[in-house]
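The values are calculated or read from the model by the stated rules, or taken from the named source; none is laboratory data. Remember, predicted model here, so these are calculated numbers, not experimental data. Reconstructed Cβ throughout: ideal geometry from the backbone, glycine too, with neighbour counts over all protein chains shown. Accessible surface is based on the protein model in full, side chains and every heavy atom, while ligands, DNA and RNA are left aside. Shrake-Rupley method; radii C 1.70, N 1.55, O 1.52, S 1.80 Å.
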Amino acid sequence: MITVEHLSKRFGDLVVLKDVSVEIRKGEVISIIGPSGTGKSTFLRCLNLLERPSGGAIRIGGVNLLDRSTDVAKLRQRMNMVFQGFNLFSHLSVLENLTLGPRKLRGIAPAAADAKAMELLRLVGLAEKARQFPDELSGGQKQRVAIARCLAMEPDIILFDEPTSALDPTTVSEVLAVIRRLARDGMTMAIVTHEMDFARDVSNRVLYMDEGLIYEEGTPEQIFGSPAREKTRAFINRIRSFTHHIGSPDFDLYAMNAEIEAFCEKHVLPKPVRQRLLLVVEEVLQMYRPLLSTTALDLVIDYSERTQRLELAWESGGPPGNPLDPAHLPDELGLSIVENLAEEIAYERRDDRNRVSMRMREC
Amino acid sequence: MEFASRQEGAGTVAEIAGRLDSVTSPACEQRIRELIDGGVTSLVLDLARLQYVSSAGLRVLLLTAKLLKARDGQLRIAGVQPEVRSVFDMSGFSAMFQVEESVAAALASLT
């Protein structure tokens, strides 16, 4: 239904969309997820030309929206958008909000427009609010009216730009319920959202946008269950990372400890967890000490907000060898402490680097 | 790391407070050597204010035990905090050392 080819968008020197290509087929529900500021909304706004793309093509039914000769207004009617901020006309009643488009843009007779509007208000559960004005409605109700208003124009596809982000949590579900219903009824939709569970439930396909591209795409099971690429995984698992570069055997343990403590405090990790983490880090660093005169060491601590687990990765150069190999250690004291506090301790040689990984045990 | 020693009853009590880690252990070892070289043979380590120990600290304790053994001396450890205790446990230290509840109990146990 919509084919996007190499879409790009820059604002002056700022490149927001680098190269986006995607196809949205009839009846599909596509969720677009990703960190803030990565172009998700810009992408959506390009689709119905609220933003003018810098390059690429958007074809609807074969016709390129960006061609000078295209009747944009007509094409735009086939797509409709639901915004984060509702954007209802405050001077019109709920019913009038719904009938304005059909009457003015599609020449539908007032009686027929009213009837259709009431039907749609019933669909979203707000028929009794028909005569009221938007400022008398709650956020969730306004959004449901906004959705009904979209439907009144009988679009081929509805674009949702973070439809629930401005709503308080108690009203989010009533709006998601309406969107679910539309999905069930076969409406083609592209939804930019931060509601992961909802996106997982309702979509056929998920696009993870990052770096101005579609960084990874797949089925909900693939993207939410087993994301393949690193940034997708970090996003899905809400991984917060701490990195530290150790360049010499005389590294400042206390300075690093202070940074690790700050990281732990930021993510509200309890004191016993912090203590154990600092102890593991000190013990492993001691094992690396003999190597630090010839190679640097990079430590990455990943904290997953989702699983609440801490994973550590230690990367160093030099000849192949596992710094935690008992054969190289003066005694077993350090290693027994590490093995007590961490699990899944693994060593691998990858790309000429030695990599040790481990996960802190749960208490 | 704070280190303070005093004569008490049958032995010498050395209080180690703060952290006993790879940074502070050398200084602690030095102080203990001074005591033992100076003739101390009955030593009680008061760890009531020790908040953190790593393998570096454990090695100092092991060395202390070794040095005293060579002189037919005795070592007791008193007042271990829970976090330090768990590090002792996970490295098998609790089996190696005689840990008493208090300095008084430790001193009383010296022969």
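Remarks
- Per residue, region A:18-152 exposes 46 Å² of solvent-accessible protein surface, assessed with a 1.4 angstrom probe and all protein chains in place.
- The calculated FRET efficiency for the pair residue A:105 and residue A:296, based on their C-beta separation and a Förster distance of 51 Å, comes to about 0.20.
- Size of charge dipole - chain A - debye, nearest 20, with Cβ of Lys, Arg +1 and Asp, Glu -1, no other charges: 2060
- Here r is the Cβ-Cβ distance between residue A:211 and residue A:327 and R0 is 25 Å; the resulting FRET efficiency, rounded to 0.05, is 0.05.
- The antiparallel fraction among DSSP beta bridges confined to region B:2-109 stands at about 35%.
- Stretching residue B:101 away from residue B:17 to a fully extended chain increases their span by 28.6 nm, per 0.36 nm per residue minus the current alpha-carbon distance.
- For residues of B:51-58, the mean tally of beta carbons on other chains within 10 Å: 6
- Accessible carbon and sulfur surface of the protein assembly as shown relative to its total accessible area, %, 1.4 Å: 48
- Mean separation of Cα contacts under 8 Å (6+ apart) over length of chain B, as relative contact order %: 28
- Region A:177-310 - accessible surface per residue (Å², probe 1.4 Å): 47
- Counted charge near residue A:300, where neighbours are those whose Cβ lies closer than 9 Å (Asp, Glu -1; Lys, Arg +1): -4
- DSSP beta bridges fully contained in chain A are about 75 percent antiparallel.
- Ranking by accessible area, most exposed first, for A:201, A:331 with a 1.4 Å probe: A:201, A:331
- Net +/- balance of residues flanking residue B:64 in space, Cβ distance below 15 Å, scoring K and R +1, D and E -1: +1
- Taken one residue at a time, the phi angles of region A:154-164 give Karplus couplings (6.51, -1.76, 1.60, θ = phi - 60°) of 6, x, 7, 8, 10, 9, 10, 9, 6, x, 10 Hz. Gly and Pro are set to x.
- Here the sum of -39500 (n - 2.57) over DSSP H runs of 4 or more residues, divided by the residues of the protein assembly as shown, equals -11000 deg cm²/dmol at 222 nm, to the nearest 500.
- log10 of Debye I(q)/I(0), alpha-carbon scatterers only, for region A:24-137 at 0.15, 0.20, 0.23 Å⁻¹: -0.89, -1.20, -1.27
- Mean per-residue shielding of peptide B:17-28 is 2, counting Cβ atoms of other chains within 10 Å of each Cβ.
- For a label point 7 Å along the Cα-to-beta-carbon line of residue A:170, residues of region A:177-203 with backbone N under 19 Å: A:177-178
- The tail of the calculated P(r) for region B:2-109, taken as Cα-Cα distances beyond 24 Å, holds 12 percent of the pairs.
- Interface of B with A. Using a 1.4 Å probe and counting protein heavy atoms only, the two chains hide about 1400 Å² of accessible surface, both sides summed.
- Residue-wise HN-Hα couplings along region B:15-22, as the Karplus relation 6.51 cos²θ - 1.76 cosθ + 1.60 with θ = phi - 60° gives them from phi, are 8, 10, 10, x, 10, 10, 10, 5 Hz; Gly and Pro carry x.
- Distance between the pseudo-spin-label points of residue A:64 and residue A:119 (7 Å out from Cα toward the beta carbon): 3.8 nm.
- Under the Karplus curve 6.51 cos²θ - 1.76 cosθ + 1.60, θ = phi - 60°, whole-Hz ³J(HN,Hα) for region A:180-196, x wherever Gly or Pro sits: 4, 4, 4, 4, 4, 7, x, 6, 7, 9, 10, 10, 8, 8, 9, 7, 5
- Spacing of the two label points (7 Å from each Cα toward its C-beta) at residue A:355 and residue A:266, in nm: 2.3
- Solvent exposure of region B:2-109 as accessible area per residue, Å², 1.4 Å probe: 44
- Separation of the residue A:135 and residue A:222 label points, Cα + 7 Å toward Cβ, nm: 4.9
- Computed extension length for residue A:93-residue A:112: 5.1 nm, one decimal, from 0.36 nm per residue of separation with the Cα-Cα distance subtracted.
- Annotation: amide H of residue A:32 within the under-5 Å range of A:191, A:192, A:193, A:207, sequence separation 5 or more or interchain, hydrogens built in the peptide plane.
- All aspartates and glutamates inside 18 Å of residue A:104 as judged from Cα atoms, apart from same-chain residues fewer than 8 positions distant: A:71, A:96, A:114, A:154
- Protection-proxy order for peptides A:83-90, A:63-70, A:143-150, each taking the mean of Cβ atoms within 10 Å per residue, highest first: A:143-150, A:83-90, A:63-70
- Efficiency of FRET between residue A:344 and residue B:33 - r from beta-carbon atoms, R0 41 angstrom, step 0.05: 0.50
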